[in-house]
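Read the structure below first, then the notes.
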Amino acid sequence: MARNPERRTLLADAGLRVLAAAGARGLTHRAVDAEAGVPTGTASNYFPSRAALLAGLAQRIFARLAPDPAVLAELGRRTPSLELVADYLRYIVERTTREPDLTRALFELRLEAARRPELRQALGDVLRRGYADDVAFHVAAGLPGGAFEVALLHYAVDGFLLDLLTTSVDAGFDAEQVVSALVSRLVGAAPDGPPPTATGRS
């Protein structure tokens, strides 16, 4: 089995570009080889099956979308507040729209996971772990709200990014306004009392 990590990364990045540009149907080992500028058969050496290729792209995309520790450290020095939650959210929107093809590729992966049980399990595990990490971070930082509010923000931001990076409704509202409103209405206006109970999905 091929072991060159730099070559594997090169192929995964090429695969993400193919996925964003051509969708899941256009994602083939041959297309990845061509995009990466490597000999035909190279991608197959690193990702022997389509399932392995998709799983490799899922791993790579989250590594590339990871936040900058220096930015998190700077934000973490501030007093917890709704405005700080909004700034964390603005940073998420900024880094996921800076390279729009990456986020479009993630949309494609999520759609493909709905059709492929093996990818659904792998990608679902990563997404659920990311949500759990976000909740733990939110609580440890002393930010307003809890697991339910973090889930609401996930749902809202996913929809916002889908609109920003695909065919938009063109409502004309500024992204800063949208982020501020999401935080004030979903977190700041949270009712007193316990949040809804999470039931999970099969």
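The values are calculated or read from the model by the stated rules, or taken from the named source; none is laboratory data. The structure presented is a predicted model; accordingly, all values stated were derived computationally and were not measured. Cβ placement follows ideal geometry from the backbone for every residue including glycine, while neighbour counts extend to all protein chains displayed. Heavy atoms of the whole protein, side chains included, go into the accessibility calculation; ligands, DNA and RNA do not. Shrake-Rupley method; radii C 1.70, N 1.55, O 1.52, S 1.80 Å.
Residue pairs whose Cβ atoms lie under 8 Å apart, separated by 6 or more positions or on different chains, with the first residue in region 137-163 and more than 16 Å from residue 94 (Cβ to Cβ) and the second buried (at least 18 other Cβ atoms within 10 Å of the Cβ) and among the hydroxyl-bearing types (Ser, Thr, Tyr), are 143/88.
Taking the conditions exactly as written (over 30 Å from residue 184 (Cβ atoms), touching a helix residue (DSSP H, G or I) at 6+ places or on another chain (Cβ under 9 Å) and either at pLDDT below 90 or open to solvent by less than 60 Å² (accessible area, probe 1.4 Å) (or both)), does residue 71 satisfy them or not?
On the way: over 30 Å from residue 184 (Cβ atoms): no; touching a helix residue (DSSP H, G or I) at 6+ places or on another chain (Cβ under 9 Å): yes; either at pLDDT below 90 or open to solvent by less than 60 Å² (accessible area, probe 1.4 Å) (or both): yes.
No: the conditions fail for residue 71.
In a residue-by-residue description of region 12-25, the property of being open to solvent by less than 20 Å² (accessible area, probe 1.4 Å), out of contact with any Asp or Glu (no Cβ under 8 Å at 6 or more places or on another chain) and at pLDDT 95 or above applies to at least one position. If we scan region 84-96, do we find a residue that is in contact with a helix residue (DSSP H, G or I) (Cβ under 6 Å, 6 or more places away or on another chain), without any contact (Cβ under 8 Å) to a residue 12 or more places away in the chain and within 30 Å of residue 174 (Cβ to Cβ)? Among the residues of region 84-96, not one is in contact with a helix residue (DSSP H, G or I) (Cβ under 6 Å, 6 or more places away or on another chain), without any contact (Cβ under 8 Å) to a residue 12 or more places away in the chain and within 30 Å of residue 174 (Cβ to Cβ), which makes the answer no.
Figure legend. Inter-residue proximity from region 165-181: first residues within 14 Å of residue 103 (Cβ to Cβ) and at pLDDT below 95, second residues of a type in the set (Lys, Arg) and open to solvent by 60 Å² or more (accessible area, probe 1.4 Å), beta-carbon distance below 7 Å, spacing 6+ or different chains. Indicated pairs: 165/104. Scanning region 107-128 for residues that are surrounded by fewer than 14 Cβ atoms within 10 Å (Cβ to Cβ), within 22 Å of residue 85 (Cα to Cα) and in contact (Cβ under 8 Å) with a residue 60 or more places away in the chain turns up nothing.
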